[in-house]
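A.B. asks: Quick one: structure below, then a few questions.
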Amino acid sequence: MRLDIISIFPEYFSPLDVSLIGKARERGTLDVRLHQLRDWARDVHKTVDDTPYGGGPGMVMKPEIWGAAIDEVTEGGTPRMIVPTPSGRPFAQGLAQELAQEPWLLFCCGRYEGIDSRVMDEYGTRMRVDEVSIGDYVLAGGEVAVLVMVEAIGRLLPGVLGNAHSAVDDSFAPGAMQNLLEGPVYTKPPVWRGREVPEVLLSGHHGKVARWRRDEALRRTMKNRPDLVEALDASALDKRDREL
Ligand SMILES: N#Cc1c(-c2ccc3cc[nH]c3c2)n[nH]c1N
């Protein structure tokens with residue numbers, strides 16, 4: 001997968017040099033290309049923003065600069081364009097899985113009050129453009145959102161997680177635990193500061209362990225995300241689950 005990221009703060013993406021994503025880049029599974037938007041600004045001050053039409057606070061990112069950058073970065077190809085914005089469609093595991101199937105993604109990181117809307121209109125005639133939000137809070141720009149999305153997408157690519165863990169076990173992956181939050185996890189020592197690991201986990205009884213983990217996942221989901229429990233298909237919950 002090729003990932004192009006256009007930003008006025010490409011330094012934000014140094015975390016993509018390390019850990020899972022960094023190794024995927026070394027192996028060639030991920031081809032991440034960073035671009036400094038100001039390189040396409042023609043004035044001496046490398047200006048990328050201007051005052052908003054209609055008035056109001058802040059500044060808006062200029063369409064000409066974005067157009068010159070996107071034209072050059074996408075020359076000869078048609079990536080799927082992702083624009084982080086607080087007003088976008090929610091980014092969740094399903095969208096991560098969908099985007100992990102794409103051969104080429106272009107992330108456009110806005111700053112200030114955002115990117116002139118004509119940019120998304122223009123490129124929406126040539127490629128799929130998704131305006132996406134990573135949550136109901138306001139950031140100062142799109143870079144952190146792209147870091148979140150790249151990690152969520154990158155870990156789903158073949159070979160990135162390795163054999164020790166599979167995305168199949170993810171909280172929101174299809175299957176018996178779909179849409180349930182992760183339950184509690186434990187490792188050695190069996191007793192720490194007088195606190196014991198739940199006995200079932202030491203039993204070696206895989207069926208009981210699986211049941212306990214599902215019960216705990218359901219309990220945590222009911223406590224922290226009752227909305228997810230309501231969305232669970234009724235048939236997916238047997239009578240005992242309902243009584244938890
Ligand atoms: N995704 C996302 C965002 C943002 C965001 C994205 C881009 C810009 C550009 C200027 N300000 C921004 C905020 N805030 N909160 C989210 N969930």
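A.B. asks: Counting only other residues whose beta carbon sits under 14 Å from that of PRO15, what net charge do I get with K and R as +1, D and E as -1?
C.D. replies: Details: positive: LYS23, ARG25, ARG155; negative: GLU11, ASP17, GLU143, GLU151.
Counting the neighbours of PRO15, the net charge comes to -1.
A.B. asks: By how many degrees, 0 to 90 and rounded to 10, does the Cα axis of helix 143-154 deviate from the longest principal axis of the chain?
C.D. replies: It works out to around 50 degrees.
A.B. asks: May I ask you to evaluate 6.51 cos²θ - 1.76 cosθ + 1.60, the Karplus curve with θ = phi - 60°, for each residue of region 225-232 and list the ³J(HN,Hα) values in order in whole Hz, giving x for glycine and proline?
C.D. replies: 9, x, 4, 6, 5, 4, 7, 5
A.B. asks: Quick one: of the DSSP bridges fully inside the chain, what percent are antiparallel, nearest 5?
C.D. replies: Among the beta bridges of the chain, antiparallel pairing accounts for roughly 15 percent.
A.B. asks: Could you order the peptides 139-149, 6-16 from most to least packed, using the average number of other C-beta atoms within 10 Å per residue?
C.D. replies: 139-149, 6-16
A.B. asks: Can you list the lysines whose alpha carbon sits under 19 Å from that of LYS223, skipping same-chain ones fewer than 8 residues off?
C.D. replies: Answer for LYS223, where 19 Å is the Cα cut-off: LYS239, listed by chain and number.
A.B. asks: For ASN224 paired with ASP50, estimate the spin-label separation in nm (one decimal), with each label point 7 Å from Cα along the Cα-to-Cβ line.
C.D. replies: Each label point is offset 7 Å from its Cα along the Cβ direction, giving 4.7 nm.
A.B. asks: Taking amide hydrogens as modeled 1.01 Å from N in the peptide plane, which residues meet the under 5 Å criterion relative to ILE115, leaving out close sequence neighbours?
C.D. replies: MET61
A.B. asks: So, one more: Over the chain, what relative contact order in percent results from Cα pairs under 8 Å that are six or more residues apart?
C.D. replies: The value is 18 percent.
A.B. asks: Excluding ARG38 itself, calculate the net charge of residues whose Cβ lies under 15 Å from the Cβ of ARG38, where each Lys or Arg counts +1 and each Asp or Glu counts -1.
C.D. replies: With Lys, Arg at +1 and Asp, Glu at -1, the neighbours total -4.
A.B. asks: Between 0 and 90 degrees, rounded to the nearest ten: what's the tilt of helix 206-224 against the longest Cα principal axis of the chain?
C.D. replies: In the chain, helix 206-224 runs at an angle near 50 degrees to the longest axis.
A.B. asks: Measure nothing fancy, just the Cα-based angle from helix 63-73's long axis to the longest principal axis of the chain, in degrees from 0 to 90, nearest 10.
C.D. replies: Here the helix axis deviates by roughly 70 degrees.
A.B. asks: Using 1/(1 + (r/R0)^6) with R0 = 41 angstrom and r between the beta carbons of SER203 and GLU64, what's the FRET efficiency to the nearest 0.05? Please report the intermediate quantities before stating the final value.
C.D. replies: On the way: r = 66 Å, r/R0 = 1.61.
So the FRET efficiency works out to roughly 0.05.
Taken together, the values in this text are just the output of simple stated rules run on the coordinates, not laboratory data. For clarity, every value in this text was computed on a predicted model and none was experimentally measured. Neighbour counts are summed over all protein chains in view; Cβ atoms, including those assigned to glycine, are modelled from backbone coordinates with ideal geometry.
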